Amino acid sequence: MSEGHIHSCGHARTPIAVQARGKNLVVDIHCHLGVPAAEAQIRAAIPGFTFQMPFSSPASDAVTGKLFAKIGPVLNGVEQRLIDMDRLGVDVQAISPSPGQYFYFVEPDLGRDLARTVNDAIANAVAGHPDRLVGMGTVPLQSPELAIAEMRRCVNDLGMRGIEISSNVNGRELAEDDFRPFFAAAEELGILIFLHPLGFTHGERLSTHYLTNIVGNPLESTIALSHLIFSGVLDSYPGLRLCVAHGGGFLSGYWGRMDHAYRAREECRVNISREPSSYLRDVWFDTLVFDQDELDSLVRTHGADKLCLGTDYPFDMAEPDPVGFHSRLSGETRARILGLNAAELLGLTVKPD
């Protein structure tokens with residue numbers, strides 16, 4: 001990486017200098033910051049509003065309530081996360097909004113105002129620790145026009161390097177034509193789009209045993225990414241920088257089935273010009289898969305240059321030992337996945353020792 005210029009789809013960005021405290025730079029591309037001011041804002045606009053995980057159960061809600069009592073201060077703050085980053089060996093967190101703060105369901109102007117509140121809070125957190133934190137914002141995708149305007153503000157005014165989006169917009173697929181201008185603008189800006197789901201849209205069978213998260217989150221990503229591939233969105237915007245949470249969902253382990261459908265069925269070839277798995281390998285995944293054999297499989301089939309360490313800090317489904325989890329990797333593969341790939345996506349440059 002050049003010290004003075006980061007190339008991003010034809011646009012220059014001022015590189016952010018960060019320090020590797022160990023042998024390798026370690027960048028966590030998947031971690032969240034909650035914004036209490038946004039919660040207060042939506043409760044003022046919608047009296048009695050409370051967030052609830054879709055298709056949950058009373059047993060899961062009870063456990064979640066106890067967990068959030070503990071992690072709430074960590075989720076909403078900075079000081080403990082810096083302590084935890086040092087303990088975990090993480091040099092930089094790319095902090096994105098808590099998924100419960102997408103607010104796509106409100107009317108567009110309120111959605112824009114809530115997104116601004118979240119984004120300003122993230123920018124303020126980053127400003128206090130610019131060598132440890134990098135910002136990823138949110139946008140009101142229920143209005144693509146307002147979403148594009150807020151994304152441009154995130155880039156041009158707040159210096160953010162990514163935008164986190166959900167896997168659907170009030171049940172609408174991201175691949176619908178209305179959202180194409182958003183992806184076109186993201187490609188133009190060269191900003192990372194981080195796709196992170198929030199449960200499953202049709203999770204009637206997933207309410208117990210926390211299946212709405214365990215199965216629902218990766219299944220949501222699988223469906224959203226499949227639509228983005230087969231609809232031709234990724235074909236139309238080849239410079240789009242898209243990273244999908246939770247190891248990319250389930251497609252990474254069963255991509256041969258969609259390639260077979262592409263060869264066998266004409267309706268699977270209408271919008272794309274090559275095998276679906278080739279578009280899949282244009283996308284980045286985080287490595288939040290919890291099993292080292294699964295990580296090895298991702299490296300083998302998806303490629304070390306398209307994987308980034310992700311933890312889901314500070315939630316209960318976070319990886320507890322992110323650096324240790326990658327210990328079986330070696331050499332350039334380990335260096336790229338621990339931090340260099342994310343550094344390229346986010347426009348970071350490593351300070352010399």
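The values are calculated or read from the model by the stated rules, or taken from the named source; none is laboratory data. Everything numeric here is computed off the predicted structure, so don't read it as measured data. Using ideal geometry, Cβ is built from the backbone for each residue, glycine included, and neighbour counts are taken over all protein chains shown.
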Scanning the stretch 40-63 for residues that are closer than 22 Å to S96 by Cα and without any contact (Cβ under 8 Å) to a residue 60 or more places away in the chain gives A40, R43, T50, F51, Q52
Residues of the stretch 81-107 being surrounded by fewer than 18 Cβ atoms within 10 Å (Cβ to Cβ), within 24 Å of L192 (Cβ to Cβ) and either among the basic types (K, R) or in contact with a helix residue (DSSP H, G or I) (Cβ under 8 Å, 6 or more places away or on another chain) (or both), in sequence order, are D84, G89
If we ask which residues in the stretch 95-118 are in contact with a Leu (Cβ under 6 Å, 6 or more places away or on another chain) and under 28 Å from A20 (Cβ atoms), their number turns out to be 1
In the stretch 259-277, anything assigned to a helix (DSSP H, G or I) and surrounded by 16 or more Cβ atoms within 10 Å (Cβ to Cβ) is listed as D259, Y262, C268, P276, S277
- Report yes if S98 is over 23 Å from L345 (Cα atoms), in contact (Cβ under 8 Å) with a residue 12 or more places away in the chain and of a type in the set (S, T, N, Q), otherwise no. no
Notebook entry, point to check: Hey, any hits in the stretch 217-226 for a residue that's acidic (D, E) and either crowded, with 18+ Cβ neighbours inside 10 Å or farther than 30 Å from G159 by Cα (or both)?
Noted result: yes
Item checked: Any chance I193 is of a type in the set (V, I, T) and over 24 Å from V63 (Cα atoms) -> yes
Quiz prompt | Yes/no for D282 being assigned to a loop (DSSP other than H, G, I, E, B) and at pLDDT 95 or above | solution = yes
Screening G253, G248, G239 for residues that are surrounded by fewer than 14 Cβ atoms within 10 Å (Cβ to Cβ) and touching a residue at least 40 places away in the same chain (Cβ under 8 Å) leaves only G239
Those residues of the stretch 149-178 that are buried (at least 20 other Cβ atoms within 10 Å of the Cβ) and either of a type in the set (D, E) or in a helix (DSSP H, G or I) (or both) come to a total of 5
Residue pairs qualifying under the 8 Å Cβ cut-off, at least six apart or on distinct chains, with the first in the stretch 321-348 being under 11 Å from L295 (Cβ atoms) and the second being among the polar types (S, T, N, Q) and assigned to a helix (DSSP H, G or I), are F325/Q292; R328/Q292
Conditions (1) surrounded by 19 or more Cβ atoms within 10 Å (Cβ to Cβ); (2) of a type in the set (G, A, S); (3) without any contact (Cβ under 8 Å) to a residue 60 or more places away in the chain -> G199 fails only (3)
By residue number, the members of the stretch 105-148 that are β-branched (V, I, T) and assigned to a helix (DSSP H, G or I) are T117, V118, I122, V126, I148
Per the filter on the stretch 108-120, residues of a type in the set (A, V, I, L, M) and surrounded by fewer than 23 Cβ atoms within 10 Å (Cβ to Cβ) are L110
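Let's see how each residue does on (1) in contact with a Gly (Cβ under 7 Å, 6 or more places away or on another chain); (2) under 30 Å from G171 (Cβ atoms); (3) surrounded by 13 or more Cβ atoms within 10 Å (Cβ to Cβ):
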| position | (1), (2), (3) |
| --- | --- |
| G48 | no, yes, no |
| F55 | yes, yes, yes |
| A62 | no, yes, no |
| I71 | no, yes, yes |
Filtering the stretch 293-337 down to residues that are of a type outside the set (D, E, K, R) and over 24 Å from A20 (Cα atoms) yields S297, L298, T301, H302, F315, M317
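The rows are residues; the columns are (1) among the aliphatic types (A, V, I, L, M); (2) surrounded by fewer than 23 Cβ atoms within 10 Å (Cβ to Cβ); (3) under 14 Å from the mean Cα position of the chain (by Cα); (4) under 19 Å from P218 (Cβ atoms).
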residue: R281; (1), (2), (3), (4): no, yes, no, yes
residue: D286; (1), (2), (3), (4): no, no, yes, yes
residue: D291; (1), (2), (3), (4): no, yes, no, yes
residue: L298; (1), (2), (3), (4): yes, yes, no, yes
residue: A304; (1), (2), (3), (4): yes, yes, no, no
residue: D316; (1), (2), (3), (4): no, yes, no, yes
residue: L329; (1), (2), (3), (4): yes, yes, no, no
residue: R334; (1), (2), (3), (4): no, yes, no, no
